[in-house]
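Notes follow the structure.
Read-outs: derived from the displayed coordinates by stated rules, not from any lab. The model shown is predicted, which means the values in this text are computed figures rather than measured ones. All Cβ positions, even for glycine, are placed from backbone atoms using ideal geometry, and neighbour counts span all protein chains on display.
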Amino acid sequence: MRKKITLMVITLAIVVPIISAITFPVVTQWWDAPPDLPREPDEVILFSVQFDESGEGPKAGDNREQLYKYSVLGRVAITDPERRREIVSAVQRDIRAGAPAQARCFYPRHIVRVVKDGTTIDTVICYECHNFKVHVNGGFHRGLTRAIGSESRPLLNQILADAGVPLAP
């Protein structure tokens, strides 16, 4: 019995460090922070999107524009540089401030597209569960994101409403 325990301890002492060394680069990639949004963007577009609870994407006959499997209800391009900075600043503040907790639903209703020097960063936001995803130049950012605050939500909703863009229920 004692030999088995000793053998098990020695095996674990050898195997665990090897597995850790192999998986460490992968694990650290998961925790990469999303890129900061540029303070002086060349372009900002707000999208109002509707999620599909089935996760299957658009149904047959749904001809609405799709962005990351979400139906686009409308969009507004922000032309005023000061307004662009206000939006970027509000969303970045929410990313940094976070929220007390995250849920798992991820039913996004907002996408904020920020373009600077040819790089496009799309922030897909679910204020309901305080989760967000980041896509850089259309690709998915592999890092995990922490909870996002919701102080920017009224601003984004107001801009979309003022432009006559419907909001998802």
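Structural remarks
- Put in order of Cβ neighbour count within 10 Å, fewest first, the listed residues Leu7, Leu46 become Leu7, Leu46.
- Here the 3J(HN,Hα) profile of segment 75-90, calculated from phi with Karplus coefficients 6.51, -1.76 and 1.60 at θ = phi - 60°, is 8, 9, 8, 8, 8, 7, x, 5, 5, 4, 4, 4, 5, 4, 4, 5 Hz, Gly and Pro shown as x.
- In sequence order, segment 63-72 has phi-based couplings of 9, 5, 4, 10, 9, 6, 6, 10, 6, 7 Hz under the Karplus curve 6.51 cos²θ - 1.76 cosθ + 1.60, θ = phi - 60°, and Gly or Pro positions carry x.
- Sparse packing (at most 11 other Cβ atoms within 10 Å of the Cβ) combined with a DSSP loop state is found for the following GluC sites (Glu not before Pro) in segment 44-138: Glu53, Glu56.
- Neighbourhood net charge (14 Å Cβ-Cβ; Lys/Arg +1, Asp/Glu -1) for Ile78: -1
- Taking other residues whose beta carbon is less than 10 angstrom from the beta carbon of Glu151, and scoring Lys, Arg as +1 and Asp, Glu as -1, yields +1.
- Fewest-first ranking of Ile95, Ile10, Ile148, Ile159, using other Cβ atoms within 10 Å as the exposure measure: Ile10, Ile159, Ile95, Ile148
- Rounded to the nearest whole Hz, the Karplus-based 3J(HN,Hα) values (6.51 cos²θ - 1.76 cosθ + 1.60, θ = phi - 60°) of segment 39-50 follow the sequence 5, 10, x, 6, 8, 9, 10, 9, 10, 9, 10, 10, with x at glycine and proline.
- Hydrodynamic radius (Kirkwood) for segment 43-162, which is based on Cα pairs only, to one decimal in Å: 14.7 Å
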